[in-house]
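The values are calculated or read from the model by the stated rules, or taken from the named source; none is laboratory data. Quantities reported herein were computed from a predicted structural model and do not represent experimental measurements. Virtual Cβ from ideal backbone geometry, glycine too; neighbours counted across all protein chains shown.
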Amino acid sequence: MRDVIAWPPAWPSILDAEFGPPPAGEYRMMPEDFCVEEVLGFAPEGEGEHLWLWIEKRELTTAMVARELATICEVSLRDIGYAGMKDRVAVTRQWFSVHLPGREAPKELAERLAPLAVKLLEQCRHPRKLKRGVHRGNRFQLRISGDAVTDKQLERRWQRLLSQGVANYFGPQRFGPHGRNLQRAISVLERGWRKRDDRDGMLLSAARSYLFNQQLAARIDAGTWNTPLPGDVMMLDGTESVFVVAADTAPDELGQLAERAVRQDVHPTGVLWGVGQSKAQATPAADEKRLGECCPRLCEGLVAAGVKLSRRSLRVRLDEARLTHAVDGCWLSFTLPKGAFATSVLRELMTHPNLGQPPERVRSTQAEGSRYPEHSST
């Protein structure tokens, strides 16, 4: 029998213990209800071999736009760069780069993009290709409606998220409809990951995201998702810099660190599984070991695939955040660091099927009361 995982996992929300499950709500009823703008954090230099394009797209994936740019500009797809994948059912703005040494873009570029619901807003030269993950974050403007908007607790829920941060779950879109990306990842990792099976690394990402969410859920259950523990690997807010809280840290020093965590200056992290030695100690290290023992096929498969171990914050801060009531519902605006999901914010404010997953088995059973799936093989 192959290794098995139960789907959907019951990953807890951070506000349920205080407020109970949120009321039903709607979001993304149309693309204009879900607007995303990439925050690059720097500007193109104005000269160089790469033409950078500031583009607005509607109901298109980032990959779709990249292919169109390659066709129109008569270059290889590998000559197109972008910092991150943006939602399809949305209106999004992001930068793309096209390698055009010694030549200009086609004069009709904007006109050829327009029928595809793509607007060319700006263009500028830069010496280097735009690479994945170089942006600082994303700014969101979202409209929600339904019972969640009239809920008397909505404002209190929102203020609590501002004061204590948001659980940094990978969103359900990472796992595909009914967890199918995870199901495929299990199959591929069990037989040995190959680049040709997963050219964009989507399946590796689904597996690592699942393992991370399991860790985060366990810390939420324990009430320590936003609290530093002896042995934790902490991350400085707004950076990827980490440091270890020694297992023998004195109580007064741990208290000072806890005060910084309350201010959201630092955050505990979870491991993104892969090759390398985790820096975690004490209880956090034991939790990671237990995860590896409960999910050996996923963990061993990721190591065999050569993915490098890294860390991800268990919590993110909501920046530039506003909640505004309107005739057509409620508008939320906030900025999240790269890699964070707006759906992780929404799941704390409203109940909606797409913020979780419909019940469906993914070749498996899971022990009741356990945050970690039981794996077995014969």
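Check the range 96-114 and report whether any residue there is among the hydroxyl-bearing types (Ser, Thr, Tyr) and closer than 30 Å to TRP331 by Cβ. Walk me through it before giving the result.
Keep residues of the range 96-114 that are among the hydroxyl-bearing types (Ser, Thr, Tyr), which gives 97.
From what's left, closer than 30 Å to TRP331 by Cβ: none.
No, the conditions are met nowhere in the range 96-114.
Among the numbered criteria (1) of a type outside the set (A, V, I, L, M); (2) in contact with a Pro (Cβ under 7 Å, 6 or more places away or on another chain); (3) modelled with pLDDT of 95 or more, which single criterion is violated by TRP158?
So the condition that TRP158 fails would be (2).
Those residues that are within 19 Å of LEU309 (Cα to Cα), in a helix (DSSP H, G or I) and either of a type in the set (Gly, Ala, Ser) or over 19 Å from the mean Cα position of the chain (by Cα) (or both), I need them from the range 191-227; list them, please.
The answer is LYS195, SER205, ALA206, ALA207, SER209.
Got at least one residue in the range 54-64 being within 19 Å of ARG199 (Cβ to Cβ) and touching a strand residue (DSSP E or B) at 6+ places or on another chain (Cβ under 7 Å)? So that I can check it myself, show each step before the final result.
Pass one, the range 54-64, residues within 19 Å of ARG199 (Cβ to Cβ): 61-64.
Imposing the further condition that a residue be touching a strand residue (DSSP E or B) at 6+ places or on another chain (Cβ under 7 Å) reduces the set to 62.
So far as the range 54-64 goes, yes, one or more of its residues are within 19 Å of ARG199 (Cβ to Cβ) and touching a strand residue (DSSP E or B) at 6+ places or on another chain (Cβ under 7 Å).
Kindly indicate whether any position in the range 133-149 is of a type outside the set (Val, Ile, Thr) and without any contact (Cβ under 8 Å) to a residue 12 or more places away in the chain.
No; the residues of the range 133-149 include none that is of a type outside the set (Val, Ile, Thr) and without any contact (Cβ under 8 Å) to a residue 12 or more places away in the chain.
For residues that are over 23 Å from the mean Cα position of the chain (by Cα), surrounded by fewer than 17 Cβ atoms within 10 Å (Cβ to Cβ) and assigned to a loop (DSSP other than H, G, I, E, B), tally how many sit in the range 238-279.
Number satisfying all stated conditions: 5.
So which residues in the range 114-159 are among the charged types (D, E, K, R), surrounded by 17 or more Cβ atoms within 10 Å (Cβ to Cβ) and part of a helix (DSSP H, G or I), if there are any at all?
Scanning the range 114-159 gives a single hit, ARG157.
Looking at ALA305 and the list (1) touching a Gly at 6+ places or on another chain (Cβ under 9 Å); (2) surrounded by fewer than 17 Cβ atoms within 10 Å (Cβ to Cβ); (3) in contact (Cβ under 8 Å) with a residue 40 or more places away in the chain, which single condition is not satisfied?
Tallying (1) touching a Gly at 6+ places or on another chain (Cβ under 9 Å); (2) surrounded by fewer than 17 Cβ atoms within 10 Å (Cβ to Cβ); (3) in contact (Cβ under 8 Å) with a residue 40 or more places away in the chain, ALA305 fails exactly one: (2).
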